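Take a look at the structure below.
What follows is calculated from the coordinates using simple rules that are stated; it is not laboratory data. Bear in mind the structure is a predicted one, so any value in this text is a computation, not a measurement. Positions of Cβ are backbone-derived with ideal geometry, glycine not excepted, and every protein chain shown enters the neighbour counts.
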Amino acid sequence: MIITTGIACLLLVGTFLVLVLLRVPVAFALGIATIPVVVLDIRLTPFLIMDRMFQSYDSFILLAVPFFLLAANLMNSGKITDRLIELSRVLTGWLPGGLGQVNVAVSMLFAGISGSSTADAAGCGKILIPAMIKQGYSPRFAVAITACSSVMGVIIPPSILMVVWGGVMSISVGALFLAGAVPGFLIAAALMGTVYAYARIYDYPTAGKPSWRDFCSAFKGAWLALMTPVLVIGGIVGGIVTPTESAIIAAFYSLILGMFVYRTINPKELVSVLYETGRFASISLFAIGTASAFGWMLAYYNVPRLIVGLLTNLEFGQFGTSLVIAALFLLFGLFIDAIPTIIILGTVLFPVATAAEIHPVVFAIIGIISLAFGLVTPPYGLCLLISASIANLNVVHVLRDTVIILMPMLLILLIVILFPEIALWLPKTLMPATFK
Amino acid sequence: MIKNFLEGLCQVLRVLVGALIAVLIIPVAMQVLARYTGIIPVYLWTEELANFIFVWVVMLGSMIAVWEGTHFDVLVFPEATSRWGMLLQKGFVLIMVSAFALLFAWYGIGYAKFGSIQSSVMLQANLLFTYITVPLAGFVWSAFSLYHLWEVIQTFRESGHASQ
Amino acid sequence: ADMTLRGASLFDESHAYTKTLMKFGELVNKYADTEVTFDLRLNSELGIEPDYVNFLTQGVAIDYAIIAPSNLARFAPAVPLMDMPFVFRDLEHWNAVLSSDVLKPLEDELLEKADLKIIGYAGGGTRNLISDKQISNLEELKGHKMRVMGAPIQARIFGAASAAPSAIAYSEVYNAIQTGVVSGLENEAASLLQYKFFEVAPHVTLTQHSITVRPIVFSGKSFAKLSPEMQAVVLKAGKEAGEYGRKVESTEDGQKLTQMKDAKQIEVHEFADRDKLLAMVIPVQKAYAEELGATALLDAIQAK
Ligand code: NA
Ligand code: NA
């Protein structure tokens, strides 16, 4: 038989939701959810599930993902992270809530070097969460602030999500990078404000005033690492290197720093970094394959056209549509990883955004910030899972603090939606050619 | 016995994934060198080779994650702790994964054949070389998840004896 | 009984390929006794041409599409000979070839190896270089990183022309140029206009290296399911739709180029060394045809 749009939508989305709620891994749930329609519809066969998955890997854009992860993992194992923490300590440790501020500041630095939030949560969390607990911070707060600050990794350039977004929707990756910077810094400011409030209420200590000598040695230790963003962001924005190449250059740079300058990586460790990178990258990339199959099925049954028609008819206007877009990305982010969501939802909403006259770059930034929140929102929040596991806590226990910390961050998202120029200003200034 | 075999298989996959990530650097680094330094000429096959390796990394990694149980899932309901609860919860997940795996194993053979009648653009390589990863993944996922299913059932049985 | 045939196109309604496929639908209904419904999916909704090829070989999802010969190379390596760069002298030669049955051996090979049936020939766009920097002579072409279609002959010919070709998926070309993976591509005016490649690559060099041949491909598995009468109708409609499509695109091609030029979207450059280019490329064409055992075919095409 031939299935109608309504039934297909119900079968695909319904099966997926049931499977995910019953704890079938997301990547498999996406693939399994395509089976009922394939069985019922005479026009489709299992060939399509395999083919749509397999062909999605034929992409030079996705090739950037493992290299960005490799660079981040090398930073962690090369103790570059430690140096960034030390620098953050002298810069912000003297504020009330010292180590909390350090946690935010180092995530900001890390974000400027790496494109991955999970590597930030894992690398910085491993050091800062135990240190914070030792100084009397509540473990729940330590975990929540680590997770929430790590989301800057994909908002402040470089960013794996922006590379994929630009590739899937044919938008300048350089412009996206620049557009993420200001919102990213605003989120950092919001987080520091939150830490300050926490410190006042719970009387958290400072991490001590640094001496001039501390300051110099911290800066000397970290300045080589701080050159990475110049290489990566400068290279891409200047159109000199491709995102994949920039990631591999960043990886090489971290490797050289780790092996020869700081001498903290040995060959044995390098082997484990390579394996960990491959393992972690392939888990997310595999999900992209089944998400592509799922997304193709939706497209085959005209579901995107239905949604676009529906949303366009409602005529929410620019602000209303932006809110709906953010809400949908936040909702999807609860259950699915960010990259598959870009493939399934981003492509569907793109025409909706265009119809509402939302600038493609603003649309991307709204989408990416919303998806970044998904990294810390259960039931599927990778950064929260990673941070919680460092402190041996259940995600449920850190929920309250996470929600509190997310509030000011959501406010920033709202501000970006209200004043899109916040995102557009930097790319418009530095890349005027892209905006003519 | 079976467990040792499967763990050994997974260990082989781990070594392969680590090695392939290292190898993946080569063609991409060659592109960078060719483009910016001119030390080596611009080779036309580097991108294709990078893509081949990439496909293998993704598919091998997906197999490892089935054995290690590290494919990401979503925790909505609390983890089951009762004997029956654990059987049903874990059993259901593993049956679903096994079903998908068996589908890939069965239809993947045809898909690999579909690859074998194609050849790549630059290297003129027979595409069976990459398409084979589909049925391979199917078989390995099947073996791993069916074994885990058997383990869950064993645990269920043993805990039944213990409580009597 | 009701009958539905499904097709797919990379482009919107205004593109010659889509017009061709819609004409095909009209003609089938004109010649057939029964009412046939056509479900034509546009704007790459179902993927890009290599994806369509996969679907058609299996007889799933769609029944027909227009496919560039290069995208059939994975299955039948000789097929891209039908529109390899510099094979046609001019539009007249191109028309003569397509109005004859000289391409029949390639059709047979495709049917045998991939179970795909060519029911007509569209095309007629003239392909030029599109790049992010000015290219007006051989010196400037040297080492130029450009995207070519996924067929070995395409890579070889542009390689022989001293460029550095790479086969990138059509859906990623725009971004590849923007991020500097390649500096350009080669394409016809209609596709340049539809995909707005000029936003990232505003320079068009009139190499006029190809006049496109775009077979209307029907899935062999779907074809076998049709009644003999219906098969005859599909073949007749396919042939006529192809003729119609060729007329549309060959007339529109120049207009579209002028339109983009007038809108200051592109800068058009002459290519100074086309003769030298031809001299570099001819031996590669010959060698490739020989490798495939298709020398006789190439001679036959050139004799037209
Ligand atoms: Na970042
Ligand atoms: Na942090």
Distance in Å, no decimals, from the C-alpha centre of region A:22-44 to the one of region C:179-227 is 34
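Could you work out the local net charge near A:LEU87, counting Lys and Arg as +1, Asp and Glu as -1, over the other residues with Cβ closer than 12 Å to its Cβ?
That sum, taken over residues with Cβ under 12 Å, equals 0.
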Looking only at other chains, what is the average number of their beta-carbon atoms within 10 angstrom of each beta-carbon in A:16-23? 4
Report the charge-dipole magnitude of region B:2-163 in Debye, nearest 20, computed about the Cα centre from +1 at each Lys and Arg Cβ and -1 at each Asp and Glu Cβ. 140
Among A:ALA147, A:LEU40, A:LEU91, whose Cα projects farthest towards the positive end of the dipole of chain A, with charges put on the beta-carbon of Lys, Arg (+1) and Asp, Glu (-1)? A:LEU91
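Could you work out the Kirkwood radius for region B:2-163, taking every pair of different alpha carbons, averaging 1/r and inverting it, reported in Å?
After inverting the mean inverse Cα-Cα distance, the result is 18.3 Å.
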In the structure shown, of C:LYS19/C:LYS221; A:LYS428/C:LYS133; C:LYS113/C:LYS221; C:LYS23/C:LYS104, the pairs separated by more than 18 angstrom at the C-alpha atoms are C:LYS19/C:LYS221; A:LYS428/C:LYS133; C:LYS23/C:LYS104
Using a 10 Å cut-off on Cβ atoms, rank the peptides A:363-372, C:248-257 from the highest mean neighbour count down. A:363-372, C:248-257
If you fit an axis through the alpha-carbon atoms of helix A:5-21 and take the longest principal axis of the Cα set of chain A, what angle between them do you get, 0 to 90°, nearest 10? 40
Residues A:CYS216 and C:LYS142, FRET efficiency given R0 of 45 Å [Cβ-Cβ distance, rounded to 0.05]: 0.30
Distribution output for chain C: share of Cα-Cα pairs per 10 Å bin in percent, first bin at 0, values 6, 28, 36, 22, 6, 1, 0
Report the percentage of all Cα-Cα pairs in region B:68-164 whose separation exceeds 18 Å, rounded to a whole percent. 59
Quick one: plug the Kirkwood hydrodynamic radius of region C:110-178 (C-alpha pairs) into Stokes-Einstein at 37 °C, 0.692 mPa s, and report D in µm²/s. 231
Percent of C-alpha pairs per 10 Å bin, the protein assembly as shown, short to long: 2, 12, 21, 25, 20, 12, 6, 2, 0, 0
Averaged over all viewing directions, the convex hull of the alpha carbons in region A:137-223 casts a projected area in nm² of 7.7
If every alpha-carbon in region A:1-44 counts as one equal scatterer, what log10 I(q)/I(0) does Debye give at q = 0.14 1/Å? -0.30
Cα centroid separation, region A:229-279 to region C:134-168 (Å): 31
Please sort through the DSSP H helices of chain B and keep those with an alpha-carbon extent of at least 27 Å along the long axis and a Kyte-Doolittle average not below 0.5. B:2-36, B:46-68, B:83-116
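Could you work out the local net charge near C:HIS93, counting Lys and Arg as +1, Asp and Glu as -1, over the other residues with Cβ closer than 15 Å to its Cβ? Walk me through the numbers before you get to the answer.
Values: positive: C:ARG89, C:ARG246, C:LYS304; negative: C:ASP83, C:ASP90, C:GLU92, C:ASP299.
In short, -1.
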Evaluate Rg over Rh across chain A, taking Cα atoms for both radii and Kirkwood's formula for Rh. 0.98
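Taking GluC sites (Glu not before Pro) that fall in a DSSP loop and have at most 13 other Cβ atoms within 10 Å as cut points, what is the longest piece of chain A between them?
A:1-314
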Once A:THR312 and A:SER389 are pulled to full extension, the length gained, defined as 0.36 nm per residue separation minus their Cα-Cα distance, is 23.4 nm
Per residue, the convex hull enclosing the alpha carbons of region A:1-112 has a volume in Å³ of 173
Can you tell me the Rg and the Dmax, both Å, for the Cα atoms in region A:244-345? 20.6, 61
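Add +1 for every Lys or Arg and -1 for every Asp or Glu among the other residues with Cβ under 13 Å from the Cβ of C:SER219, and state the total. Walk me through the numbers before you get to the answer.
Values: positive: A:ARG43, C:ARG6, C:LYS117, C:LYS221, C:LYS225; negative: C:ASP63, C:ASP115.
Within the 13 Å Cβ shell, the charges total +3.
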Considering only C-alpha atoms, what is the centroid distance from region C:1-24 to region A:196-221, in Å? 67
Pairing the Cα long axis of helix A:317-335 with the longest principal axis of chain A, what angle in degrees results, from 0 to 90 and rounded to the nearest 10? 80
log10 of Debye I(q)/I(0), alpha-carbon scatterers only, for region A:172-317 at 0.12, 0.15, 0.18, 0.20 Å⁻¹: -0.97, -1.21, -1.26, -1.26
Kirkwood-Stokes translational diffusion coefficient of region C:1-82, alpha-carbon pairs, 4 °C, 1.567 mPa s, µm²/s: 96
May I ask for the angle, rounded to the nearest 10°, between helix A:139-150 and the longest principal axis of chain A, with both axes built from Cα atoms and the value confined to 0 to 90°? 70
Stokes-Einstein diffusion coefficient of region A:338-436, Kirkwood radius over Cα pairs, 10 °C, 1.306 mPa s, in µm²/s: 103
